[in-house]
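Student: There's a structure below that I have some questions on.
The values are calculated or read from the model by the stated rules, or taken from the named source; none is laboratory data. Quick caveat: nothing in here was measured; it's all calculated off a predicted structure. Virtual Cβ from ideal backbone geometry, glycine too; neighbours counted across all protein chains shown.
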Protein chains: 2
Amino acid sequence: MQTSLILANVSKHIDLQADESDFFLSLLKEKRVKRKQHLLRENDVCLQSVFVNTGCLRGYTLDKNGYEHILQFAPPGWWIADMYSMLTRQPGELFIEALEDTEVLLLHIDDRDRLMREVPKFERFFRIIIENSLITFRQRLMENLGLPARDRYLLFCKRYPTLIERLPQKQIAAYIGVTPEFLSKMRAEMLRAR
Amino acid sequence: MQTSLILANVSKHIDLQADESDFFLSLLKEKRVKRKQHLLRENDVCLQSVFVNTGCLRGYTLDKNGYEHILQFAPPGWWIADMYSMLTRQPGELFIEALEDTEVLLLHIDDRDRLMREVPKFERFFRIIIENSLITFRQRLMENLGLPARDRYLLFCKRYPTLIERLPQKQIAAYIGVTPEFLSKMRAEMLRAR
């Protein structure tokens, strides 16, 4: 099991003793997901927090017209889950799909609760992780409410610098809410304007 | 200082000893805000978490065209803050305005950090509060991306049952993103369809 990335992620926020770190790692399960395979589908109850080791996931929903809305990407070092479904234990709306062959670590909600009970400093870790998600969702909401496409694109670039060259154009276009053709035209204009 | 509501809010999630509860209350500041007065404006750095004792606040932003977007209401028992600004210590986008004469308790970000350091179980409290905000923002994002006005209105009613009769129609209309006339027509149709 590749654990260096997740331990680095945790140690950004809390310091673990060797036994705490061993206990944490003992709760994780490794999983490989093939490109285009789903880890979660609409109406599933989301029971796992997913940490990406290699590859890339995307979280999206389908609206009533069958149109996809991408909520977030998860490149290596990111967490992804349907927090709404996980915390309410209700069927969720989120699809989580691999954009490339991806290796993840899974932490079950019951194990997350147990971890926080037995190693209370993980309360701090998950508080900070969730604060960061909240900031991202708040920004994403504001983008959709008020920002022009160019600014939405610039925010995408800032949020996911490693994905700009790596993701298919159509995924980026779907995330910022424009057609791939419009994105391509906008990118060309932005390059010319430099 | 009216402390029963905030203590009830905290004790929903954690159990406090008398000295912990005294320490928590010693960090709070009471403030009265008149109707239409602002607690926070765009470009302020948000340094306080606001807990509503009586009255009602609303959090909104202005887009480039001067159009208001209401992110949330805060009736009694709710917390409100520009979390993005608070956590990044950058100037924010949120306005927080009183919709009626309102009494709040303020908790400064530095005192919040001190509280979590000295009484670590508050890590748990704020984790849960933030998880709940995250769920609300996630839903709000989904509403704006994919839901018809009728469903957005039903979600408003579920989220803020105490505000349905209390808020001016135009505030509810702005929150769900329709004109007051459309809201009024929709409400009438929903009553007829019962």
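Student: Please pick out the residue among B:PHE23, B:PHE73, B:PHE51 that is modelled with pLDDT of 95 or more and closer than 19 Å to B:LEU134 by Cβ.
Tutor: None of the other options fit; the residue is B:PHE51.
Student: Does at least one position in the stretch B:158-168 carry a residue that is in the same structural domain as B:LEU62 (by TED's automatic domain parsing) and closer than 24 Å to A:LEU94 by Cα?
Tutor: No, that holds for no residue.
Student: I would also like to ask the following. Would you mention how many residues in the stretch A:137-194 are of a type in the set (S, T, N, Q) and surrounded by 15 or more Cβ atoms within 10 Å (Cβ to Cβ)?
Tutor: Count: 3.
Student: Would you tally the residues in the stretch A:114-133 being in contact (Cβ under 8 Å) with a residue 12 or more places away in the chain and in a helix (DSSP H, G or I)?
Tutor: Number satisfying all stated conditions: 12.
Student: Continuing with the same structure: Looking at (1) closer than 15 Å to B:LEU57 by Cα; (2) in a loop (DSSP other than H, G, I, E, B), which is the one condition that is false for B:TYR175?
Tutor: Only one criterion in (1) closer than 15 Å to B:LEU57 by Cα; (2) in a loop (DSSP other than H, G, I, E, B) is unmet by B:TYR175, namely (2).
Student: Looking at B:TYR84, is it touching an Asp or Glu at 6+ places or on another chain (Cβ under 9 Å), part of a strand (DSSP E or B), of a type outside the set (Gly, Ala, Ser) and in the same structural domain as B:ILE128 (by TED's automatic domain parsing)?
Tutor: no
Student: From the set of residues in the stretch B:118-130 that are more than 8 Å from chain A (Cβ to nearest Cβ) and modelled with pLDDT under 95, which is farthest from A:ALA81 (Cα to Cα)?
Tutor: B:ILE129
Student: Then there's this: Given B:GLU30, B:GLU42, which one is in a strand (DSSP E or B) and out of contact with any Lys or Arg (no Cβ under 9 Å at 6 or more places or on another chain)?
Tutor: Only one candidate passes the filter, namely B:GLU30.
Student: Every residue in the stretch A:71-91 that is crowded, with 21+ Cβ neighbours inside 10 Å and among the charged types (D, E, K, R), please.
Tutor: If the condition is that a residue be crowded, with 21+ Cβ neighbours inside 10 Å and among the charged types (D, E, K, R), then A:ASP82 is the only one that fits.
One line per residue, one yes/no per condition, for (1) among the acidic types (Asp, Glu); (2) in contact with a helix residue (DSSP H, G or I) (Cβ under 9 Å, 6 or more places away or on another chain); (3) assigned to a strand (DSSP E or B):
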{"position": "B:CYS46", "(1), (2), (3)": "no, yes, no"}
{"position": "B:VAL50", "(1), (2), (3)": "no, no, yes"}
{"position": "B:HIS69", "(1), (2), (3)": "no, yes, yes"}
{"position": "B:GLN90", "(1), (2), (3)": "no, yes, no"}
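Student: Right, another one. Condition test on B:LEU106, is it modelled with pLDDT of 95 or more, in a helix (DSSP H, G or I) and farther than 30 Å from B:THR179 by Cα?
Tutor: Here the answer is no, as B:LEU106 does not meet what is asked.
Student: Okay, next question. All but one of (1) surrounded by fewer than 16 Cβ atoms within 10 Å (Cβ to Cβ); (2) touching a Cys at 6+ places or on another chain (Cβ under 6 Å) hold for B:LYS64; which doesn't?
Tutor: (2)
For (1) out of contact with any strand residue (DSSP E or B) (no Cβ under 8 Å at 6 or more places or on another chain); (2) crowded, with 19+ Cβ neighbours inside 10 Å; (3) within 11 Å of chain A (Cβ to nearest Cβ), each residue gets a yes or a no:
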site: B:GLU93; (1), (2), (3): no, yes, yes
site: B:ALA98; (1), (2), (3): no, yes, no
site: B:LEU106; (1), (2), (3): no, no, no
site: B:LEU115; (1), (2), (3): no, yes, no
site: B:ASN132; (1), (2), (3): yes, no, yes
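Student: Just for the stretch B:162-172: of the residues that are in a helix (DSSP H, G or I) and free of Cβ contacts under 8 Å to residues at least 60 places away in the same chain, which one is nearest to B:LYS36 (Cα to Cα)?
Tutor: Top of the filtered list is B:LYS170.
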